[in-house]
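Note sheet for the following structure.
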Amino acid sequence: MADNKEILDERALLKKYLGQYYSARNKKKQLESRLQTFRQDMIGTKGMQYSPVPHSQTNSVGDGPASMVIRAMEIEEQIESQKEQMAATMLNVMKLMDFLPVDSTERLILEYRHIDCLSWKQVCKAMHMTRTPCNEHYNAGIDKLLEYKKVKKILEEFEAEQNPSTT
């Protein structure tokens, strides 16, 4: 029973490792969306603030636009950083894929899922298979990767990075 749990844990860890690129890509999309929203907000922002309340200072210059520009620049820097992280995670995922035969169905399905970031529906359509055989090939690819000592070593290092307090 412990061996079965260990295998399931290794599979889950490998899937998490392979999912790094997908997560990095989604984070980049989120940052780009945030930047677009900020830019739209900046279009309507004015430098002068007027108050309808009598006896108030009506010509106070707000720092809203300046802080918005700085915030937009910070988001752009985050996007660039995220692009670098995406490239690194894609290379990591592709290194693992190289352990599988180039023309194998398992590798193709894993690439569709973790590099091309396709949904299961899209994978099934691309492979001309139903969900069950696609899952069987996917799991076979995962199991095949776990047979390699180098893959297990990479996963141990990844797990140590994810849980620094357990070392």
Original post:
Which net charge results for the neighbourhood of GLN82, defined as the other residues with beta-carbon distances under 15 angstrom from its beta-carbon, given Lys and Arg at +1 and Asp and Glu at -1?
Top reply: 0
Original post:
Listed here are the pairs LYS5/LYS28; LYS95/LYS144; LYS125/LYS153; LYS5/LYS125; which of them are more than 25 Å apart at the Cα?
Top reply: LYS5/LYS28; LYS125/LYS153; LYS5/LYS125
Original post:
Which three lengths, in whole Å and largest first, does segment 81-167 cover when its Cα atoms are put on their principal axes?
Top reply: 43, 32, 23
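Kirkwood hydrodynamic radius of segment 71-129 from all distinct Cα pairs, in Å? Present the calculation step by step, with values, prior to reporting the outcome.
On the way: mean 1/r = 0.0758 Å⁻¹.
Taking every pair of different Cα atoms in segment 71-129, averaging 1/r and inverting gives 13.2 Å.
Read-outs throughout are calculated quantities, based only on the coordinates presented, and are distinct from any laboratory measurement. A quick note: this is a predicted structure, and the numbers were derived from the prediction, not measured. Note that each Cβ is placed from the backbone with ideal geometry, even for glycine, and that neighbours are counted across all protein chains shown.
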